[in-house]
Amino acid sequence: MATIDVTNLSRSFGKSRVLKDVCLRVEEGCAYGLVGLNGAGKTTLIRVLLGLIRRDGGSVSVCGFDPWRHEPAFYRMAGATLESDGFCGNLGVRDNLRVFAAAKGVPWAEAERYFGEYWTGTDIYESTRKVKYLSRGQRTQCGLARAFLGWPKVYFFDEPVVSLDIRAYGHFKAMVMEARSRGAAAIISSHQLEAIDELCDRAGLLRDGVIEELDRGGGLARWLVRVDVAGDWGKVVADNGGVDIAVNGDECTFSIDDEAGIPAVVAALVGAGCGVCEVRRADAGFSGAVKNIYGDSVERTKQ
Amino acid sequence: MIGLTAILRKEVKNLLNSGWGVFLINALIAVAWSFMLFYEYGLVGSDFGIWSIFFASIVASNFSGTVFISERVSGTLEVLIVSGVTRDAVLFGKVFFVAAATLVMGVVCAAVSAVWLCLMADEGTAASEIALWSGRVFRGAFLYVGAAVLNVSASAYLSVRMGNPRFLNFANLFITGAAMAVYGLVSIMFDRRDHTTFVLIFSALGALFLFLARREFAGERITRPVIF
C-alpha cells in the first residue's frame, strides 16, 4: 500500500478551482518533489494532505488515515514544516522541542537522545537563546528538528530549504536520506529545483490544478567525464563503453551510462596518464524538465 | 484529551519567560484595581458587581490577546495541530490557562485590597469590617469567575471567527459593555446582591460561546492565514 494515495482530489476557493483532479501515489521510502509556479496550489495540496483544510472531492489516504478526520494517531505518524515555524518565541529551542515531543507522545528522554544524536554540531544544538532571537534559517532548522522528531512515517516539507545555509542544507539532506532509509515517504515542495533534484527520486509539476509527473532524463542516468587529452583516453573510453562527445582544445568529454562503473573509469584514466578534470551527472534532472516547460515564458519575461 | 498538558505547560512557560514589563503591567493593574475594590466596599449597598464584571473582562482580554490572537496571527496553531495536539486540547488548554490566569489576578488584587483595608480600618472595628468585606468578596468572586468565563469563551470564538482578529480587543470591550448592561437590566428585576442569576446568565453565555468556539476550532478557518 502506498503511504500517500490521492485520487481525483479537488479543492476550490470561491470560484477559483485550485486543485482539479490531483492523483498522486508516494510509496514507502520515496521522496516526491512538488514544484509549480506561485499560486499553483502546492501549499493547498500539502494542507489538504495534513487535514488542515478540507477537500471538495476525491479521496485522500495518508498512512491509511483520512487526514480530515484529525485522528491524533495520524499526526503522530506525520512530520511537517509549514509556512510558519510555529514556535513559541519566548521559549528556547529545547523548551519548544519539549512541548512538541509531549504533543507527539515522544518521551523527553528519547527526544533529547534524538536531538543529541542527530543535531549535535548544528547552530541550534548549543543555542540557549529564546527562539524569537534566532535567525530565520536557525528557526527553519528548529522546525526541521521538530519534523524529524520521533521519526514519523510520512513528511511534508513546504519550502524547507529557502533559508538554509550550505551546512544546514547538507544536514537536512542527510536527515531526509535517513528518514527514507527508515521507510518513510516525503513530499517536498520547493522552488529550489536543484534541491528537488538532489533530494527526490520522483517529482511532479502542479499546473492548472493537476500534477504532471516529471521525467528526470528519460530514466537514463548518464555521467559526463571531462579529461585532458595528454594520456591515452581513447582506449579507456572504448574499454569502458563510453561514448565520445567532444574534444575541445586540450580537453575531451565523454559519457558513460553506468554509474557503478565511474570509479573504474577514473582509475583507468589516471592509470593511462590522463588528468580527470570533472565527473558529473549529465541528465537534465527535474530542474531541467521544469526549465524546458517554462523556458519560453522566462525568455519572454526577460525580453 | 491528547496534548492538553503540553498546551498548558507551553502557555505557563511562555508567560514566565515574558519580559519583566509584562509582570510590571499586571502588577500595576492589580494594585490600581485593588484601590477600586477597597473604595467600592465603602459605598452604601455595594456588592462588587460592576467591579467584578469590569475587572474580569479587562484581565481576561489582556491574556486572551496573547494566547489567542498572536498565535492565530503567527500561524502557531496549525503547527500545534499537525504535531498531534487535538483541536479540543488546543481550545480547552488555552481557555483554561486564560481563566486560571484571570483568577490568579483576581486573587492578587483582592489580597492587595485586603491589605489596604487592614491598614485603614479602625482598630476596634477592623475584625468585623474584614469579615464583612471577605463575605462580599467571596460572593463577588463567583460573578468574577462567570464574567471571566464569558469573556474567555467569547475571545476563543471571536479570535477564529473574526477576519481580523486584532480587533478582538474592541469586541471584548463590546462584550464587557453588554455584560454590564445585562447586569444593570437584570438588577431591576432581581436583587443584585444575589449574584446567582448573573452567574447563571454569564455561565450559560460562556458555554454557548465555548460550543461555537469548538465548532470553529474543528473547522479550517482556524488554520487560514491572517493577512492584513
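Restricting to the range A:73-93, give me the number of residues that are over 18 Å from A:Thr140 (Cβ atoms) and hydroxyl-bearing (Ser, Thr, Tyr). Talk me through it step by step, then tell me what you get.
Our first condition is that a residue be over 18 Å from A:Thr140 (Cβ atoms); within the range A:73-93, this holds for A:73-78, A:90.
Filter again for hydroxyl-bearing (Ser, Thr, Tyr), leaving A:75.
Looking only at that region, the number is 1.
For residues in the range A:133-160 being open to solvent by 40 Å² or more (accessible area, probe 1.4 Å) and charged (D, E, K, R), which is nearest to the other protein chains (Cβ to nearest Cβ)?
Among those residues, the one meeting the criterion is A:Arg139.
Any idea which of (1) open to solvent by 50 Å² or more (accessible area, probe 1.4 Å); (2) more than 17 Å from the chain's Cα centre (by Cα); (3) at pLDDT 80 or above is the one B:Asn169 doesn't satisfy?
All conditions are met except number (2).
Can you pull out the strands (runs of 3 or more DSSP E) entirely within the range A:1-64 that have at least 3 residues that are crowded, with 23+ Cβ neighbours inside 10 Å?
A:31-35
Identify the residue in the range B:71-89 that is open to solvent by 30 Å² or more (accessible area, probe 1.4 Å) and more than 9 Å from chain A (Cβ to nearest Cβ) and, among all such residues, is farthest from B:Ala148 (Cα to Cα).
B:Val73
Within the range A:69-111, which residues are in contact (Cβ under 8 Å) with a residue 60 or more places away in the chain and loosely packed, with under 15 Cβ neighbours inside 10 Å?
A:Glu83
For residues in the range A:112-132 being within 12 Å of chain B (Cβ to nearest Cβ) and of a type outside the set (Val, Ile, Thr), which is least open to solvent (accessible area, probe 1.4 Å)?
The residue in question is A:Lys130.
Among the listed residues B:Phe174, B:Phe198, identify the single one that is buried (at least 16 other Cβ atoms within 10 Å of the Cβ), under 17 Å from B:Ala56 (Cα atoms) and more than 14 Å from every other protein chain (Cβ to nearest Cβ).
Checking each option against the conditions leaves just B:Phe198.
For A:Gly170, which of the numbered conditions (1) open to solvent by less than 50 Å² (accessible area, probe 1.4 Å); (2) in contact with a Gly (Cβ under 9 Å, 6 or more places away or on another chain) fails to hold?
Going through the list (1) open to solvent by less than 50 Å² (accessible area, probe 1.4 Å); (2) in contact with a Gly (Cβ under 9 Å, 6 or more places away or on another chain), A:Gly170 breaks only (2).
Which one of these is among the aliphatic types (A, V, I, L, M) and modelled with pLDDT of 90 or more: B:Val85, B:Val90? Spell out the reasoning first.
Values: B:Val85 fails: modelled with pLDDT of 90 or more.
After ruling out the rest, the residue left standing is B:Val90.
Looking at B:Phe97, B:Phe92 in this structure, which one is within 14 Å of another protein chain (Cβ to nearest Cβ), surrounded by fewer than 24 Cβ atoms within 10 Å (Cβ to Cβ) and within 16 Å of the chain's Cα centre (by Cα)? Full working, then the answer.
On the way: B:Phe92 fails: within 14 Å of another protein chain (Cβ to nearest Cβ).
Unique residue meeting the criteria: B:Phe97.
Does the range A:157-166 include one or more residues that are out of contact with any helix residue (DSSP H, G or I) (no Cβ under 9 Å at 6 or more places or on another chain), part of a helix (DSSP H, G or I) and of a type outside the set (Asp, Glu)? Reasoning before the result, please.
So the first thing to find is which residues in the range A:157-166 are out of contact with any helix residue (DSSP H, G or I) (no Cβ under 9 Å at 6 or more places or on another chain), and the list is A:166.
Adding the requirement that they be part of a helix (DSSP H, G or I) leaves A:166.
Now restrict to residues that are of a type outside the set (Asp, Glu): A:166.
Yes, the range A:157-166 contains at least one residue that is out of contact with any helix residue (DSSP H, G or I) (no Cβ under 9 Å at 6 or more places or on another chain), part of a helix (DSSP H, G or I) and of a type outside the set (Asp, Glu).
Of all residues in the range A:14-30, count the ones that are under 15 Å from A:Cys63 (Cα atoms) and hydrophobic (A, V, I, L, M, F, W, C).
Initial filter on the range A:14-30 (under 15 Å from A:Cys63 (Cα atoms)): A:24-30.
The next check asks that each one be hydrophobic (A, V, I, L, M, F, W, C); those that pass are A:24, A:26, A:30.
Final tally of qualifying residues: 3.
Can you pull out every residue in the range A:45-69 that is under 22 Å from A:Glu28 (Cα atoms) and within 11 Å of chain B (Cβ to nearest Cβ)?
A:Ile46, A:Arg47, A:Val48, A:Leu49, A:Leu50, A:Gly51, A:Pro67, A:Trp68
Quick check on B:Ile201: is it part of a helix (DSSP H, G or I), at pLDDT below 85 and farther than 16 Å from B:Ala60 by Cα? Write out each step before concluding.
On the way: part of a helix (DSSP H, G or I): yes; at pLDDT below 85: no; farther than 16 Å from B:Ala60 by Cα: yes.
The answer is no for B:Ile201.
If we scan the range B:8-26, do we find a residue that is buried (at least 24 other Cβ atoms within 10 Å of the Cβ) and either modelled with pLDDT of 90 or more or more than 14 Å from chain A (Cβ to nearest Cβ) (or both)?
Here is the first cut: in the range B:8-26, the residues buried (at least 24 other Cβ atoms within 10 Å of the Cβ) are B:10.
Those left that are additionally either modelled with pLDDT of 90 or more or more than 14 Å from chain A (Cβ to nearest Cβ) (or both): none.
No, every residue in the range B:8-26 fails to be buried (at least 24 other Cβ atoms within 10 Å of the Cβ) and either modelled with pLDDT of 90 or more or more than 14 Å from chain A (Cβ to nearest Cβ) (or both).
Among residues belonging to the range B:209-228 that are over 21 Å from B:Met1 (Cβ atoms) and open to solvent by 80 Å² or more (accessible area, probe 1.4 Å), point out the one that is farthest from the other protein chains (Cβ to nearest Cβ).
The extreme case among them is B:Phe228.
So A:Leu214 ticks every box in (1) under 14 Å from A:Ala289 (Cα atoms); (2) open to solvent by 30 Å² or more (accessible area, probe 1.4 Å) but one. Which box is left unticked?
That leaves (2) as the condition not met.
The values are calculated or read from the model by the stated rules, or taken from the named source; none is laboratory data. Fair warning: this is a prediction, and the values are worked out from it, not measured in the lab. All Cβ positions, even for glycine, are placed from backbone atoms using ideal geometry, and neighbour counts span all protein chains on display. The accessibility values were calculated without ligands, DNA or RNA, using every heavy atom of the protein model including side chains. Shrake-Rupley method; radii C 1.70, N 1.55, O 1.52, S 1.80 Å.
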